[in-house]
Every structure is written in C-alpha cells, then in structure tokens.
Amino acid sequence: MLEHFLEWPSVYVWEVAVHLLAAIVLYLSALALGIVLPPGSAWTTKPGVKLFKKHCKVCHTIGRGEPKRQGPNLWGVAGRLAGAVVSFKYSDDLKDSGITWTRENLDSWLTDPKALVPGSVMLYKQKDAEIRRQIIDYVMSANQ
Ligand code: HEC
C-alpha cells in the first residue's frame with residue numbers, strides 16, 4: 001500500500017493529466033475565438049431567454065453570426081443604430097429612422113413598432129410591460 005503511494009504519480013496519472021491539459025487548452029482556444037460560450041455566461045442565463053424563444057425566435061436569431069430569419073439577427077443590437085445589419089433588407093422607414101436601440105426605444109418598439117416607426121414591417125406587439133422588460137434585459141445583454 002505504502003509503496004504504491006510513494007510511486008504516485010504513476011505514468012498513468014501523468015497521461016491523464018496531459019490529456020486533460022490538452023482538452024483545457026482546446027476549450028480555451030475555442031472560447032477565445034468565440035466558438036463556444038463560457039458556461040453560465042450572463043446573457044444565456046437571463047430569465048428572458050425563455051420569453052425570447054416564445055415571442056421572438058420565430059423571426060429572430062440572437063447568437064453571434066447566426067443567420068437572419070424574417071427579421072434580422074439581434075446579436076449586439078444594444079446601442080446600435082436601427083437598420084444596421086447589412087445583409088438584412090429592412091423597411092426604408094426603419095432604415096432611415098435614425099433610432100438607436102436604447103432600453104426606452106426597444107420598449108416602445110416592442111409595445112407597438114408602427115407607433116415608433118410608421119412604415120416598419122415587424123408584425124409583433126407586446127402590451128405586457130413585465131414581459132417586455134425581461135425580453136429587453138436579455139436582448140440588451142446579448143453581446144458578451
Ligand atoms: C413575425 C416576425 C417577428 C417577430 C415575432 C418579432 N420580430 Fe423583430 N423584426 C421583424 C422584422 C421583419 C424586422 C425588420 C422591420 C423593418 O425592417 O421595418 C424586425 C426588427 C426588429 C428589431 C430592429 C433590429 C435592427 O437591426 O434595427 C428589433 C430590435 C427587434 N425586431 C426585436 C424583436 C424582439 C425582441 C422580438 C420579440 C419580443 C421580436 N422582434 C419579434 C420580425 C419580427
């Protein structure tokens with residue numbers, strides 16, 4: 001028993017350690033390149049995640065680099081000028097609106113897009129302020 005203990009770490013243990021290290025290095029590189037997200041990173045754990053899936057996902061993706069749907073990808077929309085995703089064909093009115101996506105503007109937008117931008121074409125309205133707040137929390141944080 002004691003002899004075994006003294007032999008530690010055995011070759012086997014070292015081998016496992018080297019593989020583990022390689023796996024960690026791979027994971028960290030993927031993290032640095034933005035291929036994977038850190039576990040529990042702020043924006044994937046917000047309560048708004050479920051609400052976004054239910055209310056917005058049919059028309060919007062929100063992960064970095066994800067494709068457009070009926071609406072544009074929303075990664076990094078916080079603080080951005082409206083109509084800025086070049087690969088998306090916006091309505092002229094939204095594109096020329098000069099609006100920046102602050103919490104307040106997002107709140108009016110989700111309440112009634114046409115009240116904020118008359119010629120806009122997003123077919124969605126949310127009159128529940130609490131649902132809007134949670135979705136906006138999530139959308140605003142989707143850039144880390
Ligand atoms: C039925 C489809 C549909 C649904 C549901 C929908 N959207 Fe949209 N959204 C669009 C379209 C289409 C546009 C582009 C509008 C335009 O060009 O006038 C848009 C535009 C936007 C923009 C402006 C993006 C930019 O780059 O300027 C934001 C922000 C947005 N949507 C957020 C949301 C959120 C948050 C939800 C869920 C609460 C939602 N949308 C639900 C279709 C949808």
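Things worth noting here:
- Shape category assigned to the stretch 90-144 from the gyration tensor of Cα positions, a/c cut at 1.5: oblate
- Kirkwood radius for the stretch 42-141, taken over all pairs of different Cα atoms as the inverse mean of 1/r, rounds to 13.6 Å.
- Highest-first arrangement of 112-122, 10-20, where packing means the average Cβ count within 10 Å: 112-122, 10-20
- Of the peptides 93-100, 72-79, the ranking by mean beta-carbon count within 10 Å, highest at the top, reads 72-79, 93-100.
- For the stretch 131-136, backbone phi angles converted through the Karplus equation (6.51, -1.76, 1.60; θ = phi - 60°) give residue-by-residue couplings of 5, 4, 4, 5, 5, 5 Hz, Gly and Pro being listed as x.
Each reported figure results from applying straightforward, stated rules to the coordinates on display, with no laboratory input. None of the values given here were measured: they were computed from a predicted structure. Neighbour counts run over all protein chains shown; Cβ positions are idealised from the backbone, glycine included.
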